[in-house]
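The values are calculated or read from the model by the stated rules, or taken from the named source; none is laboratory data. Please read these numbers as outputs of a predicted model, since none were measured by experiment. All Cβ positions, even for glycine, are placed from backbone atoms using ideal geometry, and neighbour counts span all protein chains on display.
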Amino acid sequence: MAPTAALVEASGLVKEFRRPRKAPGLAGALRHLVTRRFDVHRAVDGIDLRVDEGESVAYVGPNGAGKSTTVKLLTGILVPTAGEVRVAGVVPHRDRVANARNVGVVFGQRTQLWWDLPVQDTFELLRDMYRIPAADYRRSMDRLCEVLEIGSLLPVLARKLSLGQRMRADLAAALLHEPRIVYLDEPTIGLDVSVKDRVRAFLRQLVADGTTVLLTTHDVGDIEEVCRRIVVVDEGRIRHDGPVDVLRDTLAGHSTVRFQLAAPAPLELIRQHLPDAEVSAGAGERDLVVRFDRTLRPAGAVAAAVMGLVEVRDLRIDDEGVADLIRRLHDRDSPAALTGAG
Amino acid sequence: MHTLRVYRRCLGAHLRATLEYQADFWILVVAAVLTQGAGLLLIATIFARVPRIHGWGVWEVVLIFGMMVLAQGASELLAEGTWGLAGLINRGELDRMLLRPYPCLLQVCSSRVGMNAFGNLTVGGGLLGTALAHLDVAWTPGRVALAAVLLPSALLIKVSLTVVANSTSFWLRGAINTFAAGLDQLGELTKYPLSIYSVGLQAVLATALPFAFIGFFPVSAFLDHGRLAWVGLLTPLVAAWCVLLAVAVFRRGLRRYDSAGN
């Protein structure tokens, strides 16, 4: 393997937010004026992350896990409370101008286009700000217009674009200066299936061309189609970091059988007979969910064991994928959230 | 130079976009004329009864008034975006500005163009011209040079004070900055000769909130009028101080910026 250089290097990254602690109502607001009290909320709690040139990383986790905050720290929008960041050798929050030339950022929820201006004007202003030479600009624009099909959007005011059009224009705006690394914060959120496909195809091409990509997402499609590495974060900490395909294989070892029973499920009894499986109740009292390692016993054996104990009306077997990992991660009450990821 | 060119292009792009709404444009020009007309009416009414106020004649007061209107126009043209700063902070929209290789303050300033700008620049310029025509000023080279220094300094003070006032949004955290609007209203007091106010208020308007250096003091120096005429010669220094203050306050505030959640 060719030696690769670390493009992003973060160590011990911490970000705390101070939130005013106010009692509800006007009285509480007034009291806050006199006795100012704050709650400290640790959104990012000691993150170490290294991303090499050319990598494609999915940064996933439930809402409030600290994904967006990490991206904002890596891009220099926020100043870390503790820890260090370097992106292409630059400390982003200290040298914003130098950093800006190396990175491109797309926020799915917020546009970076000048809201009141035609798309074309945004591109030209960015060209001026980034001092992109005329020839490079024309080449970039030609390529982006072609692959993102934004040629017809150029004269349109940014605020009149549909979400899908806006996303394509935003992608172009972030890539105009040909950054070495692109951060995408939920780039496909709210997009319809066909636009999602186009965006993903575009991102795949970007990765193939050697651009480093780090994206946060809730969408398994984004992860599986674009990224080779997955970093799972929860409560401000990295919980898993590894190749997407290894994770998929690990999870593929597990299956879930969902039973519909004739009577309420005797969970304890079933657990006694299937000690190495996870037995839990489903949505209704007559539902039963058994999750197990397929390398230990085949699905048929599990089904037979359950059928020997209770009367089964219906059953369904699900193989697990990255989607299940995400789903279980998002269900924070589940203690087994990460057992599948090893 | 590159920085200024990009600034001009940002404003230019917004100007083009703004001018597409012709009706808005004309309504706001008329509004500026009416608003400033009301102030002028007050001056005319007063001077119909008394020939001078604290030694100031009608055209001298109109000159101060014209400077203030012109400065307001300049601030609406060059720094209107700062009035949106509270909203930008609240919605976390400074994020995108921090990601570009260009000073954040200038991006904020040029994120809008105030349409009243044209009305006020026209009215202010007109008042300045008319007042000067009536004042019988001896245009020696020295006086021309003085005007050439005082005018841009005064405009710069107004623009800087607008930036300072709105930079308080970093601390206030409301969706709109009523504090800045209040300060701006206070500045309106200096459309009239400063000496009509109490000593305390004069001191505030001359030092802590140097609005008096937009109209009153530079006009005093230019016309060599009154005991305090020499103070007006400090206008360029005050301008430099205000610019530095604006940059420092904005930078300080930006450090408090916490973005916004998704």
Under 9 Å between Cβ atoms, which residue pairs at least 6 apart in sequence (or on different chains) link something in segment A:255-276 that is at positive phi with a partner that is in a helix (DSSP H, G or I) and among the small types (Gly, Ala, Ser)? none
Considering (1) touching a Gly at 6+ places or on another chain (Cβ under 8 Å); (2) away from chain A (no Cβ under 14 Å), say which one B:Thr45 fails and leave the rest. (1)
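Of the residues B:Ala74, B:Ala31, B:Ala79, B:Ala44, which is among the small types (Gly, Ala, Ser) and free of Cβ contacts under 8 Å to residues at least 24 places away in the same chain?
B:Ala44
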With the condition being closer than 28 Å to A:Pro20 by Cβ and more than 17 Å from the chain's Cα centre (by Cα), I'd like the helices (runs of 4 or more DSSP H) fully within segment B:158-261 carrying at least 3 qualifying residues. B:169-172, B:235-256
Please go through (1) more than 30 Å from A:Arg204 (Cα to Cα); (2) touching a residue at least 40 places away in the same chain (Cβ under 8 Å); (3) among the polar types (S, T, N, Q) for A:Thr70 and return the number of the only condition it doesn't satisfy. (1)
Residue that is in a strand (DSSP E or B) and closer than 23 Å to A:Glu178 by Cβ, where the choices are A:Val213, A:Val233: A:Val213
Quick check on segment B:16-32: of everything there that is surrounded by 15 or more Cβ atoms within 10 Å (Cβ to Cβ) and either in contact with a Lys or Arg (Cβ under 8 Å, 6 or more places away or on another chain) or not aromatic (Phe, Trp, Tyr) (or both), which residue is nearest to the other protein chains (Cβ to nearest Cβ)? B:Ala17
Kindly indicate whether A:Asp241 is out of contact with any helix residue (DSSP H, G or I) (no Cβ under 6 Å at 6 or more places or on another chain), of a type in the set (Asp, Glu) and either part of a strand (DSSP E or B) or not assigned by TED's automatic domain parsing to the domain that holds A:Met129 (or both). yes
In contact with a His (Cβ under 8 Å, 6 or more places away or on another chain), within 13 Å of chain B (Cβ to nearest Cβ) and modelled with pLDDT under 95: which single residue out of A:Lys22, A:Lys67 fits that description? A:Lys22
Consider segment A:250-300. How many of its residues are under 30 Å from the mean Cα position of the chain (by Cα) and not polar (S, T, N, Q)? 18
Considering segment B:89-115, residues that are away from chain A (no Cβ under 11 Å) and in contact with a helix residue (DSSP H, G or I) (Cβ under 7 Å, 6 or more places away or on another chain), and then whichever is farthest from B:Phe217 (Cα to Cα), we arrive at B:Ile89
Mind checking whether some residue in segment B:206-223 is within 14 Å of chain A (Cβ to nearest Cβ), of a type in the set (S, T, N, Q), crowded, with 16+ Cβ neighbours inside 10 Å and free of Cβ contacts under 8 Å to residues at least 40 places away in the same chain? no
Considering only segment A:273-296, I want to know if a residue exists there that is β-branched (Val, Ile, Thr), closer than 30 Å to A:Arg229 by Cα and touching a helix residue (DSSP H, G or I) at 6+ places or on another chain (Cβ under 9 Å). yes
